[in-house]
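Notes follow the structure.
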Amino acid sequence: MSRAAIVIVVGIAACHPVVTPADPTSKCDPVATPNYTPDPEKWDVSWLWTQLEPALDPEMPDAVKAETIARWVALSSVNDREVAADQGDGQHLRAIPFYGLCGERSVVTKQLAERAGLRAEMVSLYNFIEPGSGHTAVQFCYDDAWHYFDVTYAGIFVSEGRVLDFEEMRAEPRRALAGLVPFQTGFDLYQTEAEQPDEEAYRDRMLSYYSTRSIAETKSFSIYGSGEPVPLDVRFDLDTAPIVVGAPGATPTEVHWSGADQGISERMGVMLGHVVDNFQPTLIFENAEPGETYTLSFYVRSMTSDGMTFTLEPSGIALLSDPVIVTSSTEVTERGGHAIHFTPQRPRSSIAIEHDLPFGEGLVLDQIVLTRG
């Protein structure tokens, strides 16, 4: 379909805030202070701000202001890349609609909120919808509490006149879904004027991602750049050894991003890559034969905010065995990977991998092999 067939409707008239301010106990301040600062050239939102600002009345309650900003971003952005987002000069933010997937839209929302005098933080969801899948959204802090806004799939979850935060949603997903309020969004590449969606279509779009299961089973949640660990359990059934996931004979260059490409996360049941907070995996071994020695080999990579990867040296990670593993040792394999030799004394044991990477870098497990002996 040609670009000429795409109709974009952008305006503030579609914004009808549905929430009223509340005053719950403060939950914002205890969260670690994020240290994420978007690249000022790539993420210059000055032009977008000139388009949004007229819709914001300085006398608006913060709750109304936050929803107005979120609705505007959802309506003014599309997944179709009209201008390359990686060219580094911010050109993709000088037109409406602007290009943005969930991460890009959340960066823009955070900056526009700050220009409006609000605090907003990007949040990351891990194993959202399915293993290996993640999502980025925004939480606004107003009335001394966090409130979750999805500016991509587009909507909020309201209960008793207040937008819920994600932890409240995860604790009571049915309550959250009962209060779903979808936003109007910009047209995507596959939508034409004849296919212009109505409110029910926007609701269906949100419900295709948010369900009681996807909300409740999201493995971890963190504020982007806060330095909070993202704990995830990676389970191995030793009774099924040998276990081979990925392409263990590949060189470090060949395995670049291949964890996702080869579906490693899906096969392991947990996201193992593309995590740019502080991924802290715990390897849980089940159905071990006590006294038997096993070897687990894998690549450990760091993903930087620039997308570069490299193999960590042995000193870059710490292995913490639980007491029922009486012997464990590590070595660097011929191709630069890691190997753990361990001897469980009980059917179930675990090894935690800890690291202290700076913000913007995340741990990636790739090319996994588990054998006896």
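Among the residues of region 5-27, is there at least one that is surrounded by 14 or more Cβ atoms within 10 Å (Cβ to Cβ), modelled with pLDDT of 75 or more and closer than 30 Å to V158 by Cα?
The answer is no, given that none of the residues of region 5-27 is surrounded by 14 or more Cβ atoms within 10 Å (Cβ to Cβ), modelled with pLDDT of 75 or more and closer than 30 Å to V158 by Cα.
Filter region 327-357 for residues that are in a loop (DSSP other than H, G, I, E, B) and modelled with pLDDT of 75 or more and give the result.
Once the filter is applied, which keeps residues that are in a loop (DSSP other than H, G, I, E, B) and modelled with pLDDT of 75 or more, region 327-357 yields Q345, R346, P347, R348.
Quick check on A66: is it surrounded by 20 or more Cβ atoms within 10 Å (Cβ to Cβ), under 28 Å from V181 (Cα atoms), among the small types (G, A, S) and at pLDDT 50 or above?
The answer is yes for A66.
Rundown of residues vs (1) over 30 Å from D366 (Cα atoms); (2) not in a helix (DSSP H, G or I), yes/no style:
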position: V108; (1), (2): yes, no
position: L125; (1), (2): no, yes
position: G132; (1), (2): no, yes
position: F149; (1), (2): yes, yes
position: E168; (1), (2): yes, no
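Being part of a strand (DSSP E or B) and of a type in the set (A, V, I, L, M) is the filter; apply it to region 112-123 and report the residue that is farthest from P281 (Cα to Cα).
A120
The values are calculated or read from the model by the stated rules, or taken from the named source; none is laboratory data. Every value quoted in this text rests on a predicted model; they were computed, and no experiment measured them. Every residue, glycine among them, receives a Cβ derived from its backbone with ideal geometry; neighbour counts consider all protein chains shown.
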